[in-house]
Structures are given as structure tokens and as C-alpha cells.
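Below is one structure; the comments refer to it alone.
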């Protein structure tokens with residue numbers, strides 16, 4: 001009887017141990033800017049590389065350097081066209097590029113995505129009677145953008161069952177809104193290859 | 001096989017090159033990769049320092065040149081590297097930026113970038129400072145995790 005009790009207790013303890021291992025994954029913080037090669041899908045490191053390359057290229061382009069030495073031009077960003085088969089948050093890519101450019105102190109940006117909130121606020125200031133008319137913001141005083149950033153991302157994928165190869169190409173253009181001329185353009189190419197192992201994992 | 005894993009585990013920081021400049025361009029820093037550190041001072045206004053945390057990686061890659069130029073008021077870093085290994089070498093590198101007081105600027109700004117060097121291949125790496133306060137840069141090279 002006692003032996004049976006001990007056996008049951010051991011089996012129970014074993015079951016608890018096993019289930020404990022299975023239900024408690026090891027979680028740890030990682031380095032946000034490190035390269036990750038989990039798959040050939042578009043990844044955070046691809047996004048960071050693209051943003052970094054685009055910003056570096058724009059900052060050293062001689063005609064742009066000449067302009068930014070004199071003044072801080074006003075830019076706006078168009079949505080990047082995603083021509084890949086994947087879901088890519090292109091707004092996140094342009095957000096990173098815009099943030100880095102603002103941080104240089106050489107560019108100013110207009111953000112059209114928050115216009116409705118701005119209109120609501122200015123309307124309240126003008127019409128609610130709560131705000132001193134001398135300090136209330138006036139309509140029609142905003143500065144227009146001189147340049148617009150446009151671009152697209154495309155991919156070419158090849159897979160023969162053993163090797164999967166994905167090529168990404170990100171293109172960004174800076175268009176002068178007055179003249180229509182593309183003042184600057186840059187490309188970032190990324191190639192990722194995954195090889196399936198014949199044996200094991 | 002265990003030996004390789006152990007080596008990979010201890011090369012986290014890999015090769016680290018530190019460049020300090022006061023608006024001057026410099027070049028000519030080289031190392032065999034077996035030396036623990038190297039300081040080159042071509043003039044009084046610029047200095048370079050090489051710190052090797054991982055001799056195993058340093059024996060496979062050589063830093064040929066370090067240059068700093070300015071585009072407008074932004075520092076541009078140029079680094080030439082050569083593989084001394086006879087097969088493909090996958091590493092990653094990252095620029096770090098410092099102001100005139102040696103304080104790091106935008107510590108999380110620059111991502112790790114992949115770099116593949118085929119046997120004996122030389123490549124030039126370039127980075128642009130995130131803003132005009134940057135006067136020094138550092139490049140870190142490590143194995144791809």
C-alpha cells in the first residue's frame with residue numbers, strides 16, 4: 001500500500017515537472033537593433049537597414065547638403081507602395097526615415113495624418129469662446145511642403161525546394177513639388193537566402 | 001563542434017575600432033589582428049585606437065583604413081576592411097557616434113548591418129553621423145549571431 005502511494009506520488013511529481021517545463025517559456029529581452037535571421041520574410045533589421053541607408057544617402061547628397069546648409073526645407077511623406085506579396089507596414093518604414101531626418105535638425109516635416117485633429121483643435125480655439133482671440137491659432141497659416149518623399153518596395157522570390165532566395169529592393173525619391181523634378185533618389189537592396197537542411201532540424 | 005560553439009559564444013563584441021577626430025581626415029591604421037591594441041596618431045588632431053576583444057575574429061579580418069570627412073557639418077565615417085580568411089566570412093558591424101565630450105549620441109540609433117566578405121575580399125563601409133554634434137565615431141564588428 002505504501003509502495004503504491006510512493007509510486008503515485010513520483011508519477012504525479014514527474015507530471016508536474018514536465019507540465020511546468022512546457023508551460024513556462026524562457027522570455028528575455030533582446031537587442032532591438034541586432035540582426036535577426038529567423039526567416040527570409042521582411043524583418044525588423046531589414047526595416048532598420050533601409051531607414052539607415054536612405055537617411056545616410058540623403059544627408060550626403062551634394063545638392064541636398066547645399067540646400068540644408070542654408071535652411072531647413074519642409075518635407076512631406078507619401079505612403080510607400082508595397083509591391084511585395086508580404087504584408088509590410090510601410091508607414092513604419094517611413095516613420096523611421098522621417099524620425100531620423102528630423103533628429104538631424106536639417107529637415108522639417110508636415111504630417112497630414114493628424115490634420116483632422118488639428119482642424120478640430122483650431123475650430124475649438126476659434127469658435128468655442130474659451131480661448132483668447134489674441135492667442136487663438138488662425139486658419140490658413142500653415143507652411144506648405146516644398147518636397148515630397150515617395151517610394152516603393154518590391155521583391156523577387158525564388159524557391160527550388162531546398163534553397164529559398166528573396167531579393168528586396170526599396171526605392172525612395174525626393175520630388176520637388178514646385179518644379180516636379182526628382183531631386184534625389186536612392187535604392188537599398190537586400191538579399192536573404194534560406195537553405196533547408198537535408199538531415200535534422 | 002563544441003569548440004566552435006564555445007568560440008562563437010565568447011566573441012560577442014568581436015573587433016572594435018575607435019576613431020577620434022577633430023575635423024581631420026586620417027588613414028593608415030592597420031593591424032595584423034593578432035595584436036591586442038594599436039594606436040595610430042598621424043597628427044595631433046586625430047587619433048585612432050583599435051581594441052580587440054576577440055583575437056579569433058581579429059585573425060580573420062583586418063582594418064585597412066579609417067577616415068573621417070564632413071558632408072556639410074555632418075561627420076561621415078569611412079572604414080576599409082579586408083578578410084584575411086580564405087572562405088566567406090559573415091559578420092555584422094555598427095557605428096557608434098560621440099560628441100566632443102565623448103558622450104554617445106543616439107545610442108540606439110544605428111542598426112547592426114550585415115557584412116559578407118569572401119576570401120581575401122576588401123570592402124569599404126560608410127556611416128553618416130545622426131547630427132552635427134558628432135565629432136568621434138567607433139565601429140564595432142562582431143560575428144553574425
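Just so you know, all these numbers are worked out from the coordinates, no wet-lab data involved. In this text the structure is predicted, and so the values were computed from the model without any measurement. FYI the Cβ positions are ideal-geometry reconstructions off the backbone, even for glycines, and counts take in every protein chain you see.
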As I understand it, the value is the acute angle between the Cα axis of helix A:44-60 and the longest principal axis of the Cα atoms of chain A; what does it come to in degrees, rounded to 10?
30
Between residue A:118 and residue A:193, what length comes free when the chain is fully extended (0.36 nm per residue of separation minus the Cα-Cα distance, one decimal in nm)?
22.4 nm
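Per residue and in cubic angstrom, what volume does the convex hull of the Cα atoms of the range A:78-201 have?
Cα-based convex hull of the range A:78-201, divided per residue, equals 177 Å³.
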Footprinting exposure proxy for A:76, A:114 (fewest neighbouring C-beta atoms within 10 Å first)
A:114, A:76
Does anything in the range A:49-83 have its amide N under 12 Å from the 7 Å Cα→Cβ label point of residue A:177, and if so which residues?
A:74-78
Could you give the length gained by full extension between residue A:137 and residue A:29, i.e. 0.36 nm per residue of separation minus their alpha carbon distance, to one decimal place?
34.4 nm
Neighbour counts of other C-beta atoms within 10 Å: give me B:78, A:87 arranged from fewest to most.
A:87, B:78
Contour excess over end-to-end distance, with Cα ends at residue B:123 and residue B:108 and 0.36 nm allotted per residue:
2.9 nm
Summarise the partner chain shielding of B:112-118 as one whole number: the mean count of Cβ atoms from other chains within 10 Å of each residue's Cβ.
3
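Summing -39500 (n - 2.57) over the DSSP H runs of n ≥ 4 in chain A and dividing by its residue number, what mean residue ellipticity at 222 nm do you reach, to the nearest 500 deg cm²/dmol?
-12500 deg cm²/dmol
Which whole-number percent of Cα pairs in the range B:55-144 have a distance greater than 16 Å? Intermediate values should be presented prior to the final figure.
Values: 2182 of 4005 pairs.
Roughly 54 percent, rounded to a whole number.
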Largest first and to the nearest Å, give the Cα extent of the range A:39-124 along each principal axis.
48, 38, 19
Plugging the Cβ-Cβ distance of residue A:89 and residue B:84 into 1/(1 + (r/R0)^6) at R0 = 45 Å yields, to the nearest 0.05, a FRET efficiency of 0.65
